[in-house]
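Please read the structure below before turning to the comments.
The values are calculated or read from the model by the stated rules, or taken from the named source; none is laboratory data. Note that this is a predicted model, so its numbers are computed, not measured. Reconstructed Cβ throughout: ideal geometry from the backbone, glycine too, with neighbour counts over all protein chains shown.
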Amino acid sequence: MNKSKIENGQPTLQQHNVTGSLPFVSFASDNEIRFGQDHRFSKGLPDDINFYPIEETQNGLMVFVGDGYGILPKHKVAGKYGNGAVYVFKDDIPDLVEWCRANFL
């Protein structure tokens, strides 16, 4: 890694040395989290999906995408669209709200 150049207080990285991943959240298998999807509401988000936060709505919901859950080309993550994004009630995930705001795609 070339640490000789520094931008914004951080060393620059050569492209061939860069690895990493986008922040995601996986939910517990026994979760009772309420969510909306495709004009209906359910309880219990899938536990086998990596969900990426994309936005916060004005009516108290946090929006997530994941493989088979609304991924679009603009999201720049691997996966298919499937049945659309999930809209999670922020009241059900109070410990994740600030993390989501800091990690929107």
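Some points to look at:
- Selection within region 35-59 - in a strand (DSSP E or B) and among the hydrophobic types (A, V, I, L, M, F, W, C): Phe35, Phe41, Phe51, Ile54
- Residue check, Ser21 loosely packed, with under 11 Cβ neighbours inside 10 Å, closer than 23 Å to Ala102 by Cα and not aromatic (Phe, Trp, Tyr): yes
- Residue check for Ile54: over 17 Å from Trp99 (Cα atoms), at pLDDT 95 or above and among the β-branched types (Val, Ile, Thr): no
- Every residue from region 37-68 that is among the β-branched types (Val, Ile, Thr) and buried (at least 18 other Cβ atoms within 10 Å of the Cβ): Ile49, Ile54, Val63, Val65
- Of all the numbered requirements in (1) out of contact with any strand residue (DSSP E or B) (no Cβ under 9 Å at 6 or more places or on another chain); (2) acidic (Asp, Glu); (3) exposed (fewer than 11 other Cβ atoms within 10 Å of the Cβ), Glu32 misses one, and that requirement is (1).
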